[in-house]
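As structure tokens, the structure follows; a few thoughts come after it.
FYI, it's all coordinate maths here, none of it is from the lab. As the structure is a computational prediction, the values presented were derived from the model and not from experiment. Cβ atoms come from the backbone with ideal geometry, glycine included; neighbour counts cover every protein chain shown.
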Amino acid sequence: MTATTLPGLDAFEATLARHDSATAALEDWCASRGIADPAVIQAHKLTTHAEPVPEQVRAALRTASGEEVSQRQVRLSCGAVVLSVAWNWYLPARLTPAMNAALKDSDTPFGKVVAPLRFRRETLETIAGAGKLCPAGTISTHRARLVLPDGRPLAYLIECYTAANLALTPP
């Protein structure tokens, strides 16, 4: 069975497409599938090595020379179920000090922390299965950019959605 024929994948992709925030989409999906009660998404930060920001990320974020780009790698879970592994490069200068502190010191998902900025999501690429950086068992990979209402980029994302999203059928 290929990734494009996985039962429930079309419904999952449609849920992702309805939301600008992957966090909001995963909470919606988690609730509708009965994955956990309450359907709350947690971001579990993963230890990463400080690596230079890829040029593709800097280009997508349209960074100025020397502009700081922060990175956060997380596993997003609903209850005990890991729904995605994600890489997020973002521009801390476009966030409030409280938002930057929350991203550094908490497991609150990026989408929840920056929701007051009213960003919109621009999908750059969707791949059936595992894309670059994604772990084995990834059913769908998304590359996206989050953009502020004035059109300035805020974040660049690589999201690897796990097979656990399709493991349970809706109640």
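A few comments on the model shown:
- Residue within region 30-49 that is small (G, A, S), without any contact (Cβ under 8 Å) to a residue 60 or more places away in the chain, touching a strand residue (DSSP E or B) at 6+ places or on another chain (Cβ under 7 Å) and closer than 21 Å to G131 by Cα present: no
- First in region 124-143 and farther than 20 Å from V57 by Cβ and without any contact (Cβ under 8 Å) to a residue 40 or more places away in the chain, second anywhere and among the small types (G, A, S) and assigned to a loop (DSSP other than H, G, I, E, B), Cβ under 8 Å, 6 or more apart: A136/A130; G137/A130
- As a summary of the residue check, A102 satisfies the conditions (1) in contact with a Lys or Arg (Cβ under 8 Å, 6 or more places away or on another chain); (2) small (G, A, S); (3) without any contact (Cβ under 8 Å) to a residue 12 or more places away in the chain except for the one numbered (1).
- All positions within region 60-82 that are assigned to a strand (DSSP E or B) and touching a residue at least 40 places away in the same chain (Cβ under 8 Å): L76, C78, V81, V82
- Residue check, V85 surrounded by fewer than 20 Cβ atoms within 10 Å (Cβ to Cβ), at negative phi, touching a strand residue (DSSP E or B) at 6+ places or on another chain (Cβ under 7 Å) and not in a helix (DSSP H, G or I): no
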